[in-house]
Amino acid sequence: MKRALALFVLVLMTLAVAPPSEAGRVVVRGRHTKVVVRTGFPIRRPMPHVVVRAPRVTFRVEPAVYLPAVAFGAVVVATAPPKDVLVWEDGESLDREDGWTDFSLNVDSRGTALFLDVTGRVEINFAEVVFENGNAQVVDFGEKPLKNGLYELLDFKDGRKVDHVRMVAKAKSEDARVVVRMAK
């Protein structure tokens, strides 16, 4: 009886092993939660449920005052700024299975413009640019899909120090990636 039970358990364990094609793929999905925004946030539509990706660093500045929202123009930049003009760059790869994702990029740099480089197809709800003085500029994308391209995200010709950029976006293709760059 013990021998038959041991054989039965061994057969079950063999059947429970993942097929070789998925043996090395471990996917951990985050819990979906509602987007959290502070008092004064300028977008009034209902916010989606998101997977929140923890920031890689602790930010120095929290939004204190929200400036009026700016509508995203979706104008593709004809020529990318030269590499020697860029002072900062960071990005996030998005997984289509996660749906909406809330992530932040640590800028901590001074410049005059932010650019958005999209690879694949991406849908963006909003971008929140937090400056060193606590002012936050929200760029409203209206959940419109974007395709491959370099876009101007925000222009501040007077030169400002940006603490971080927070975005809520989702992948519409397998290879979706969002990169934000700052020009001096």
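The values are calculated or read from the model by the stated rules, or taken from the named source; none is laboratory data. Keep in mind that what you see is a predicted model, and the values were worked out from it rather than measured. Heads up, the Cβs are rebuilt from the backbone with ideal geometry, glycines too, and the neighbour counts pull from every protein chain shown.
A few points about this structure:
- Among the conditions (1) part of a strand (DSSP E or B); (2) within 22 Å of Asp175 (Cα to Cα), Ala80 misses just one, which is (1).
- Positions within region 145-177 being assigned to a loop (DSSP other than H, G, I, E, B) and either among the aliphatic types (A, V, I, L, M) or out of contact with any Pro (no Cβ under 7 Å at 6 or more places or on another chain) (or both), in sequence order: Lys147, Asn148, Ser173, Glu174, Asp175, Ala176
- Restricting region 49-77 to residues that are modelled with pLDDT of 95 or more, part of a loop (DSSP other than H, G, I, E, B) and in contact with an Asp or Glu (Cβ under 7 Å, 6 or more places away or on another chain) leaves a set whose member that is surrounded by the most Cβ atoms within 10 Å (Cβ to Cβ) is Phe72.
- Among the candidates Val77, Val107, residue that is over 18 Å from the mean Cα position of the chain (by Cα) and either among the basic types (Lys, Arg) or over 14 Å from Phe141 (Cα atoms) (or both): Val77
- Of all the criteria given as (1) modelled with pLDDT of 90 or more; (2) under 24 Å from Asp155 (Cα atoms), the one not satisfied by Pro46 is (2).
- Test for Gly142: is it surrounded by fewer than 14 Cβ atoms within 10 Å (Cβ to Cβ), on the phi > 0 side of the Ramachandran plot and assigned to a strand (DSSP E or B): no
- Residues located in region 113-139, provided they are surrounded by fewer than 17 Cβ atoms within 10 Å (Cβ to Cβ) and part of a strand (DSSP E or B): Asn135
- Selection count, region 90-112, where residues are part of a strand (DSSP E or B), surrounded by fewer than 19 Cβ atoms within 10 Å (Cβ to Cβ) and either of a type in the set (Gly, Ala, Ser) or touching a Ser or Thr at 6+ places or on another chain (Cβ under 8 Å) (or both): 4
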